[in-house]
1. For segment 6-92, state which trypsin sites (Lys or Arg not before Pro) are in a DSSP loop and have at most 14 other beta carbons lying within 10 Å of their beta carbon.
2. Just to be sure I understand: if I project the alpha-carbon convex hull of the chain onto a plane and average over all orientations, what area do I get in nm²?
3. Which angle from 0 to 90°, rounded to the nearest 10, does the C-alpha axis of helix 139-161 make with the longest principal axis of the chain?
4. What residues qualify as long-range amide H neighbours of VAL50, i.e. H under 5 Å apart, gap of 5 or more or another chain, H built at 1.01 Å from N?
5. What is the sum of charges, Lys and Arg at +1 and Asp and Glu at -1, for the other residues whose Cβ falls under 12 Å from the Cβ of TYR127?
6. Under a Cβ-Cβ cut-off of 15 Å, what is the net charge of the residues other than GLU110 that fall near it, where Lys and Arg count +1 and Asp and Glu count -1?
7. What net charge do the residues around MET82 carry, taking every other residue with its C-beta under 14 Å from that of MET82, with Lys and Arg at +1 and Asp and Glu at -1?
8. Report, to the nearest 10°, how far helix 2-15 tilts away from the longest principal axis of the Cα atoms in the chain, using its own Cα long axis and a range of 0 to 90°.
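Each reported figure results from applying straightforward, stated rules to the coordinates on display, with no laboratory input. Please read these numbers as outputs of a predicted model, since none were measured by experiment. FYI the Cβ positions are ideal-geometry reconstructions off the backbone, even for glycines, and counts take in every protein chain you see.
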Amino acid sequence: MFDRKLKKLAKILIDKKMTVATAESCTGGLLSSMFTDISGSSEFVKANFVTYANEAKEEYLNVSSEILQEFGAVSHECAYAMAKGLHNRTGCEIAICTTGIAGPTGGTKEKPVGLVFVSVYYDEKIYVRAFRLPSFIPRKFMKYLFAQKAIEYAYSIVFTKN
């Protein structure tokens, strides 16, 4: 099911001559890899950034230090700013971003392991959604599931508008 959504999203991008860019924190490049695993992805993949450190979010995506200090990197506000900054930097039609806590350490009561914020810029709007996965999932698989959630969320936004 997931693979089908990824391929349909790629087909929409190709058919509509649109580009996608990604900015990833917790997924560490897996989201980008999923797109570039598709043959012909050079037609629609514009740019991909792994902005793991806060400094990278500030430098490459123009996420303000105030957002990072007040809300943290794992927040609705940061995810929103990442999508806005990614679109502004690349001019892509679709920007997809991830920021979360893959574990097994790093979680808190307010922001537990398994929390990811996915943001999608599309059609001049930014959509942000939080997903919570069980904290016992191993880190490597957690990252994969976070990337999968990002693709599915982007697909749901783009597909409903096309």
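1. Those satisfying the criteria are LYS16, LYS17.
2. Taking a quarter of the hull surface, the average projection is 8.7 nm².
3. On a 0 to 90 degree scale, this one is about 50.
4. The list, which skips near neighbours in sequence, is GLU24.
5. Every neighbour counted, the sum reads +2.
6. Local charge sum for GLU110: +1.
7. Once positives and negatives cancel, what remains is -1.
8. Taking Cα atoms only, the helix is inclined about 50 degrees.
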